[in-house]
1. Being buried (at least 24 other Cβ atoms within 10 Å of the Cβ) and among the polar types (S, T, N, Q) is the filter here, so list the residues in region 347-362 that pass it.
2. Within the group S144, S129, S63, which residue is touching a Lys or Arg at 6+ places or on another chain (Cβ under 9 Å) and either under 27 Å from D344 (Cβ atoms) or of a type in the set (A, V, I, L, M, F, W, C) (or both)?
3. Out of region 353-363, which residues are assigned to a loop (DSSP other than H, G, I, E, B) and in contact with a Pro (Cβ under 9 Å, 6 or more places away or on another chain)?
4. Of all residues in region 330-346, how many are among the β-branched types (V, I, T), part of a loop (DSSP other than H, G, I, E, B) and surrounded by 20 or more Cβ atoms within 10 Å (Cβ to Cβ)?
5. Within region 250-270, take every residue that is touching a helix residue (DSSP H, G or I) at 6+ places or on another chain (Cβ under 9 Å) and not in a loop (DSSP other than H, G, I, E, B) and give me the one that is surrounded by the most Cβ atoms within 10 Å (Cβ to Cβ).
6. Identify the residue in region 181-219 that is outside any helix (DSSP H, G or I) and among the β-branched types (V, I, T) and, among all such residues, is farthest from A164 (Cα to Cα).
7. Hey, among the residues in region 220-244 that are surrounded by fewer than 24 Cβ atoms within 10 Å (Cβ to Cβ) and assigned to a helix (DSSP H, G or I), which one's farthest from the chain's Cα centre (by Cα)?
8. Would region 298-320 turn up any residue that is of a type outside the set (G, A, S) and part of a strand (DSSP E or B)?
Amino acid sequence: MRQRELGRPERPLIKIGLAVTASALMSAGAVSMVGQPADVVTLPFALTAAVNTSNTTVGFADSDLYGMTHEDIDRTLDEMQAMGVNNVRVLIPWAGIELADDYYYWDTMDYVVEAADSRGMGILGVLNSTPAWATEPGMPAVISPPADTAEYAEFVGLVAERYAGQVGAYEVWNEPNAYFYWAPAPDPAAYTELLQAAYPAIKAADPDATVVGGVVGWVNDVPGLAYSPANYVEGMYEAGAQGYFDALSYHPYHYTLPFSQGRPYGDISPIRQLEIMHDLMVANGDGEKLIWTTEYGEPTSVATEAQQAAFIQDYLTTWSTYDYTGPSFIYTTRDRNTEGTTPDETLGVLRDDWTWKQAAYVIQNWTTMHPQTVPDAVTLTAMTADLEEATVAPAPTQEVTTAGTAPMTVAPMEATEVPTTALAAPTPVEPTTVEPTTVEPVAQTPELTAAPEGGTDEPAAESLTDPVEEAPAESTAPAESTGTTDTTGSTGSTSTTGSTSSTDSGSTGSTDSSGSTGGTGGKKAGGKKAA
């Protein structure tokens with residue numbers, strides 16, 4: 001969810017991927033087949049597809065992946081990796097998968113997961129959106145909680161079983177602290193019941209999966225409509241949430257106030273809400289657990305591209321100074337409509353023609369200065385007849401490209417290396433450092449109170465005093481795009497100052513826009529996929 005105006009107001013699952021050259025595997029295999037006397041040789045490899053919980057880890061939250069064509073899914077993930085990003089947050093929409101009770105359509109989700117997993121990316125899945133058949137009678141689908149938490153627990157257990165070894169972490173719901181994702185009104189006790197049902201179901205199917213709770217968006221307290229993040233978390237603890245999550249997550253959007261500069265505005269500011277949430281965790285015995293940011297962004301319909309870059313730099317720099325924060329996911333990869341006038345159209349760090357905004361270079365520079373490594377590389381012991389025979393031949397040099405750019409030569413990696421990007425990226429600018437004190441609020445001083453219901457309070461986009469340097473023009477030519485269909489089932493929403501509607505409400509049952517026919521559906525348990 002993006003920042004709202006209400007009333008217009010771990011341990012991640014580690015999938016072992018061998019970063020060993022084909023020639024190394026052939027050498028070891030050939031020797032064992034011929035049965036010659038063996039010596040021991042140690043072949044290094046890296047663990048891949050794990051979400052690194054460091055507070056310098058940056059990923060992308062991209063809700064639109066579920067509605068994209070296969071071609072656009074692949075290109076989007078490639079662009080992420082060209083920026084050095086190796087973690088992705090994706091929707092796993094209940095309403096789009098379990099179309100009727102016990103009747104599942106997995107094809108679209110399978111493709112998204114396989115596409116990210118095959119690139120060695122860590123995957124965080126958002127388990128949200130109630131199908132119409134599972135809601136209370138008369139309540140809206142998608143944004144209402146399920147009528148029966150057992151039905152949700154059954155679904156999330158099947159997901160965790162199906163994607164064990166691929167999806168390393170799961171969020172239980174999305175922004176339940178406001179009515180636009182928990183109709184008709186947010187209820188921390190009811191959400192805690194859902195968390196208490198989901199946590200054991202996920203752990204039973206995949207004990208190594210990280211379960212992330214809360215998933216709270218930044219809003220003000222408005223009776224009957226929204227809880228501020230910290231007050232909502234306090235309500236969760238009062239309802240018995242302790243012991244039913246491995247981490248909490250938070251979406252500290254504010255479109256007119258840089259994250260680092262919130263303290264003068266009091267406890268309601270996004271940065272103070274983070275600190276108060278942690279204090280609550282400490283008081284309830286969870287002080288060792290991390291708070292993740294699973295969405296943060298700045299739309300270029302509200303700010304300039306330089307301001308967007310400065311806000312993201314300020315946020316990443318400030319977030320990484322805390323010792324209880326985890327990874328960050330920037331919302332989002334590519335604009336829906338760069339010329340659009342609403343925030344949801346312009347939150348991308350790429351324009352809709354795939355060219356890079358300045359924020360993309362900020363992220364690329366961040367990952368260069370903070371390598372996005374995976375936890376604890378290990379070694380593999382192989383048997384070989386002779387150490388000379390076991391010599392690992394270098395992999396051949398390859399030519400790879402980012403779509404629209406000229407090929408560039410990529411030298412082979414050592415087996416112990418973990419790539420920060422799998423593709424040739426546009427030439428980066430020099431690292432841009434934006435000190436928190438240099439980023440000023442957009443337009444006038446932001447109000448951190450809710451506007452009257454039904455009102456409008458669009459913030460103006462004025463320049464910052466010290467914007468980041470203009471990035472060089474992107475060399476990639478616009479590629480022909482098939483367009484992105486929004487299948488997230490978003491309903492318009494209310495929000496706090498400087499904010500607008502969100503897109504993370506989950507699918508309403510979309511099908512794969514790539515033209516896939518025939519789902520992996522029918523009356524089936526929906527567990528492990530066929531090979």
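1. Result: Q358, single match.
2. Values: S144 fails: touching a Lys or Arg at 6+ places or on another chain (Cβ under 9 Å); S129 fails: touching a Lys or Arg at 6+ places or on another chain (Cβ under 9 Å).
It is S63.
3. Within region 353-363, D353, W354, T355 meet the criteria.
4. Residues meeting the conditions: 3.
5. Step by step, filter region 250-270, then rank; the result is H251.
6. Once the filter is applied, the top-ranked residue is V219.
7. The residue in question is E238.
8. No, region 298-320 has no match at all.
The values are calculated or read from the model by the stated rules, or taken from the named source; none is laboratory data. Computed from a predicted model, the values in this text were never measured in an experiment. Here the Cβ is made from the backbone with ideal geometry for all residues, glycine too, and neighbour counts use every protein chain on show.
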